[in-house]
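Student: There's a structure below that I have some questions on.
Here, each number is a calculation from the coordinates, and none is a lab measurement. The shown structure was predicted, so the numbers you read here are calculated from the model rather than taken from an experiment. We place every Cβ from the backbone using ideal geometry, glycine too, and count neighbours over all the protein chains shown.
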Amino acid sequence: MSGAARHTAAPSLAALSATARRAAPLLDAAAEPVADVLAGAVAFPGRLQDAVSGAGRALDIGVSVAVSGLAVRSTPALGSEPTGTRRTAGVVIDVDDVHRVRKAVGGTVNDVLIGVVAGALRRWLDGRGERTDVTPRALVPVSQRRPRTAHPQGNRLSGYLVRLPVDQADPLARLAAVRGAMDRNKDAGPRRGAGAVALLADHVPALGHRLAGPVAGHAARLWFDVLVTSVPLPGVGLRLGGHPVVEVYPYAPLARGQALAVALSSYRGRVHVGLVADGAAVPDLDRLADAVRAEVETLVTATATGLEESRGAP
């Protein structure tokens with residue numbers, strides 16, 4: 001039995017809007033007893049320092065978000081006014097193929113999969129007769145565990161911003177570019193780039209959430225072009241109605257103004273790729289799915305050839 005799973009972890013921009021809705025009203029506070037007011041006055045210097053520090057961190061995050069969008073060569077194929085229509089496609093990748101590529105070139109499984117997405121986009125754009133000398137921005141969400149003293153508890157969502165090397169014709173060069181970009185992101189931390197918008201919720205007052213949340217959601221296209229997310233699944237086999245689930249395709253939410261979202265899940269020795277697109281903007285989503293399969297085959301062949309050549313070198 002095959003199944004389709006919606007990605008329940010909303011991207012960073014939606015997380016910011018949700019935080020804004022949960023924020024307590026600023027103007028509805030009841031009158032405080034005098035003793036509480038005096039206690040508050042004593043604690044005011046410390047609170048002021050915390051507020052100033054929080055504002056500084058928010059400014060730092062905001063600047064990184066703005067800078068991340070500069071000098072980007074994107075493609076109109078990934079942008080679209082919302083039409084309310086959706087088109088989906090799924091691709092299955094043998095996880096052994098992914099590991100073969102990873103062992104040959106280094107990096108992580110996630111690096112290889114992002115490289116596959118970059119190569120597939122290049123093939124797809126080329127087949128459409130569109131420019132391939134572009135570096136669209138992918139938002140790669142990451143989950144951060146909140147400190148034990150933080151409220152609320154649980155995870156907070158941020159993300160890395162990666163310029164997909166669609167402009168690179170060499171598949172191994174694309175992988176190297178993705179690996180380098182992800183390494184730089186990890187060194188800088190998730191407080192840099194478009195995904196850091198969600199972290200502003202920890203440093204901006206509730207009124208700011210209410211004002212900025214809707215704006216951030218509508219401005220997603222300004223910060224990144226496509227969502228590429230990994231959806232974790234349990235390591236054990238799933239069952240539905242007593243029947244084993246053999247395929248699970250994750251589907252990520254489509255941000256306003258964007259035409260495509262990509263989600264990936266590892267399940268029972270295979271990587272399932274779920275593609276979601278605006279139905280009107282991407283009528284040829286099946287061709288992108290074919291491009292994903294072709295890119296995996298190309299990478300497996302290229303890395304195998306490279307290993308053979310290195311072994312035969314004097």
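Student: For residue 187 paired with residue 297, estimate the spin-label separation in nm (one decimal), with each label point 7 Å from Cα along the Cα-to-Cβ line.
Tutor: 3.8
Student: What FRET efficiency comes out for residue 247 versus residue 131 if R0 is 30 angstrom and r is the Cβ-Cβ distance? Round to the nearest 0.05.
Tutor: Between residue 247 and residue 131 the formula returns 0.30.
Student: Next question, about the same structure. Find how much the distance from residue 85 to residue 284 grows on full extension, using 0.36 nm per residue of separation minus their present alpha carbon separation; answer in nm with one decimal.
Tutor: 70.3 nm
Student: Most exposed first by the Cβ proxy, i.e. fewest other Cβ within 10 Å, how do 114, 93 rank?
Tutor: By the 10 Å Cβ count, ascending, the order reads 93, 114.
Student: Something else about it: Need one number: nm distance between label points at residue 94 and residue 305, each 7 Å from Cα along Cα→Cβ, rounded to one decimal.
Tutor: Spacing of the two 7 Å Cα→Cβ label points: 1.9 nm.
Student: Got a sec? How would 97, 111 order by Cβ neighbour count within 10 Å, fewest to most?
Tutor: Least crowded to most crowded, the residues run 97, 111.
Student: Still on this structure: Among 272, 243, what is the fewest-to-most ranking by other Cβ atoms within 10 Å?
Tutor: Neighbour counts put them in this order, fewest first: 243, 272.
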